[in-house]
1. Can you list, shortest first in nanometers, how far B:Gly400 lies from the same residue in the other copies, with each label 7 Å from Cα toward Cβ?
2. Please get the size of the charge dipole for chain A, origin at its Cα centre, with Cβ charges of +1 on Lys and Arg and -1 on Asp and Glu, quoted in debye to the nearest 20.
3. In the neighborhood of A:His92, defined by Cβ-to-Cβ distances under 14 Å, what is the net charge if each Lys or Arg adds +1 and each Asp or Glu adds -1?
4. Taking a 23 Å limit on the Cα-Cα distance, which of the listed pairs A:Lys74/A:Lys215; A:Lys289/A:Lys336; A:Lys82/A:Lys202; B:Lys89/B:Lys338; A:Lys74/B:Lys401; B:Lys38/B:Lys215 fall beyond it?
5. Can you give the local net charge around A:Phe101? Use residues other than it whose beta-carbon is closer than 14 angstrom to its beta-carbon, Lys and Arg +1, Asp and Glu -1.
6. Can you list the aspartates and glutamates whose alpha carbon sits under 16 Å from that of B:Lys371, skipping same-chain ones fewer than 8 residues off?
7. Which of the trypsin sites (Lys or Arg not before Pro) found in the range B:384-426 are in a DSSP loop and have at most 12 neighbouring Cβ atoms, other than their own, within 10 Å?
8. Using 1/(1 + (r/R0)^6) with R0 = 35 angstrom and r between the beta carbons of B:Lys49 and A:Lys38, what's the FRET efficiency to the nearest 0.05?
Protein chains: 2
Amino acid sequence: MKIKSISGNAAVSLKRSISSGTEEQRKTVLAIIDEVKKSGDAAVAAFTKRFDGAEVSAPHISEQEIKEAYGMLKQDDIETLKSAIHNIKEYHERQLSSSWFYYRKDGTMLGQKITPLDSAGVYVPGGTAAYPSSVLMNVIPALVAGVGRIVIASPPGKDGRLSPGVLVAAAELGVEEIYKMGGAQAIAALAYGTETIAPVDKITGPGNIYVALAKREVFGQVDIDMIAGPSEIAVLADQTANPREIAADLLSQAEHDAMASSVLVTDSRILAEAVRKEVDQQLERLPRKEIARRSIENHGCIYVAETLADAVSAINELAPEHLEILTEQPEALLGKIKHAGAIFLGRYSSEPVGDYFAGPNHVLPTNGTAKFSSPLGVSDFQKRSSIISYSREAFEANAGKIAAFARMEGLEAHARAIESRNREED
Amino acid sequence: MKIKSISGNAAVSLKRSISSGTEEQRKTVLAIIDEVKKSGDAAVAAFTKRFDGAEVSAPHISEQEIKEAYGMLKQDDIETLKSAIHNIKEYHERQLSSSWFYYRKDGTMLGQKITPLDSAGVYVPGGTAAYPSSVLMNVIPALVAGVGRIVIASPPGKDGRLSPGVLVAAAELGVEEIYKMGGAQAIAALAYGTETIAPVDKITGPGNIYVALAKREVFGQVDIDMIAGPSEIAVLADQTANPREIAADLLSQAEHDAMASSVLVTDSRILAEAVRKEVDQQLERLPRKEIARRSIENHGCIYVAETLADAVSAINELAPEHLEILTEQPEALLGKIKHAGAIFLGRYSSEPVGDYFAGPNHVLPTNGTAKFSSPLGVSDFQKRSSIISYSREAFEANAGKIAAFARMEGLEAHARAIESRNREED
């Protein structure tokens with residue numbers, strides 16, 4: 001793992017050039033979407049056979065399949081899922097905001113009405129990336145928001161089945177509409193509907209390049225969440241931190257993906273050297289060491305800053321997805337951190353604590369976008385409507401100004417709409 | 001204006017197929033962005049000369065130009081601007097949300113930190129569409145959110161000047177960084193920066209197809225607001241409403257754009273006929289009657305529903321940008337309206353009241369996207385960071401579950417990061 005010295009406003013960046021797909025892939029996705037719009041269920045079944053190698057005549061998961069999934073999970077794992085659900089619900093319930101209104105002295109009422117989306121679709125990848133935590137982190141905010149209809153789509157294995165962990169997580173949350181379909185065909189079916197699947201208003205959840213491209217294409221027809229890049233962690237530490245723990249946390253991101261990025265920013269060269277040594281040693285013992293090694297070599301870095309203040313500046317420049325603060329007084333730095341998706345304070349807040357369990361969402365802005373984006377949350381499944389109820393008194397006092405403003409913008413019919421209320425005959 | 005009868009779950013839609021630009025236009029935009037990235041200020045100046053026909057050596061607006069703009073505006077219009085600013089600020093201040101945190105019994109602290117964006121750029125179109133209200137509606141939410149640096153870009157006329165209304169609106173809001181530049185070159189300069197213009201984190205504001213395409217291209221590098229479609233109004237009215245006022249309001253949308261859509265939904269055939277007659281008569285007297293006529297003929301419609309309940313269902317299906325409720329008891333229907341960008345209650349809440357003056361934002365979701373999108377607001381210029389501070393007690397009680405969850409997902413390094421804290425030697 002390389003070590004770099006930085007000082008002052010050194011240029012540091014987490015930005016990796018992430019593939020946005022080839023023209024060929026985009027064409028494939030457009031063709032799949034067209035086919036699903038045209039032939040509905042039959043198109044979805046044909047693509048499932050072609051891409052997933054599975055014969056799926058009825059994509060809707062049955063009660064029997066849910067029962068079997070429960071049988072395949074350890075009781076302890078089911079209990080763990082339940083604890084995680086409890087924590088994640090508790091946190092997201094705090095995100096709920098209320099409709100509000102206020103009256104002006106002239107009797108005018110102004111307000112903002114919060115309404116949940118009618119429906120949401122959650123995409124869950126298949127294979128080894130079929131994470132129950134993806135189900136929890138996407139479904140729970142929608143559930144708390146009050147979304148009436150929540151749908152899950154996930155590609156089946158060759159045996160025509162879905163991951164039991166995914167099914168149990170969905171069942172524990174009360175989601176009954178689960179479809180065995182994946183890829184661009186699933187996104188198209190969710191956005192445009194088929195004979196048996198009603199369309200949804202928003203699609204969230206991670207996926208491969210075809211899923212990401214399909215989400216981009218259907219955006220506007222439905223809403224989508226962000227297109228997530230590979231995962232990242234930045235650790236901000238001083239000489240009081242434990243190098244073994246830091247190395248373990250850096251490697252937990254690195255094992256996700258060769259494009260993942262793990263960064264340490266510290267004011268202690270001794271710590272930097274110790275962490276580098278620990279990373280080398282621990283890496284060797286990891287089952288996914290080839291992935292983790294490529295990530296650390298290509299996208300990992302230890303920055304040694306002259307002062308802790310410089311280190312904080314560097315963190316704000318990086319705007320990492322995950323930030324761990326492992327200093328003597330982590331809370332004291334919280335006010336200085338402007339840009340990070342999730343902030344983990346102190347040694348007991350190891351990043352995996354937040355991945356599944358603590359409560360906050362694990363769908364976070366990546367690749368420096370924490371400068372302007374937020375974690376997935378309840379507000380992503382609700383929307384606001386403005387309310388204006390002008391009183392007669394307010395109208396009469398301001399009609400002249402409003403009409404004048406319209407004419408200043410050259411919009412005569414706007415002015416006349418106001419003046420149509422002012423006639424004496426009323 | 002056509003009249004259609006509907007009943008029950010009749011299919012009604014505001015969706016118009018809106019141009020997303022040609023391949024040729026997209027290539028032009030990509031070339032402009034590349035050129036600005038490469039040659040910075042020189043490229044911007046060259047494009048300004050080519051597209052706007054103006055020689056602009058220093059694009060930054062001077063104090064002298066602001067002073068001249070004030071001299072060109074009527075004192076009354078300046079007062080109107082000030083009143084509008086007061087109202088819009090008051091409303092948006094109600095949208096502010098606070099950071100929060102809570103403690104669990106085991107000592108764990110969880111929270112959410114709200115941080116304004118560092119910087120935002122507002123695009124204001126030129127020519128006859130250089131609306132001071134665009135400045136107010138985009139800048140005020142950013143200002144209230146606490147954005148540190150707000151920049152305006154607007155294309156100059158052939159004389160190298162900007163609209164005095166735009167300049168005065170900007171000056172009244174304290175925006176000092178105003179650039180005479182437009183089109184894709186302005187979006188590129190704001191997203192990537194030049195020698196003299198620092199990049200911003202988010203770009204909002206309306207624009208032509210080149211501006212819209214450029215915003216799409218730079219999305220990810222910076223955040224953008226929605227790509228707005230043409231304007232819409234839906235009026236929900238019963239027999240108590242005034243046909244002359246409804247017609248005037250429908251026409252106020254229609255004058256914006258031949259693609260604008262004006263719709264009345266009513267349970268009264270008598271009202272429907274009367275509104276049709278009024279629209280025909282008032283249309284003839286409008287300065288922008290050619291635009292308004294095309295809008296009304298191609299995208300206007302009066303729907304007559306069997307019951308008021310059916311009319312409400314139709315409104316929720318339409319999900320209009322603007323909704324006026326002109327019934328005997330408009331407030332009584334508010335709870336039944338699920339999808340609308342802004343809701344105007346009663347005859348004194350004519351839609352233009354909200355366009356400039358009342359307080360809520362006029363940047364609203366169009367083309368049916370009110371089903372999942374919200375008006376522009378303070379939250380668009382802030383972002384959330386999750387905070388996790390796990391206590392030792394909580395960690396020790398849950399470390400086993402967290403590690404088990406990681407292993408259930410096949411991520412061994414995640415489990416080991418947790419277990420690295422559990423060693424006895426600590």
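Where a number appears in this text, it was derived from the coordinates with a stated rule and is not lab data. None of the values given here were measured: they were computed from a predicted structure. For neighbour counting, all protein chains shown are included, and Cβ atoms are generated from backbone atoms with ideal geometry for every residue, glycine included.
1. Label-point distances to the other copies, shortest first: 7.9 nm.
2. 600 debye
3. In short, 0.
4. A:Lys74/A:Lys215; A:Lys289/A:Lys336; A:Lys82/A:Lys202; B:Lys89/B:Lys338
5. +2
6. Within reach: A:Asp118, A:Asp201, A:Asp223, A:Asp225, A:Asp380, B:Glu232, B:Glu317, B:Glu321.
7. Within the range B:384-426, the qualifying trypsin sites (Lys or Arg not before Pro) (loop, at most 12 other Cβ atoms within 10 Å) are B:Arg423.
8. Working: r = 48 Å, r/R0 = 1.37.
With R0 = 35 Å, the Cβ-Cβ based efficiency is 0.15.
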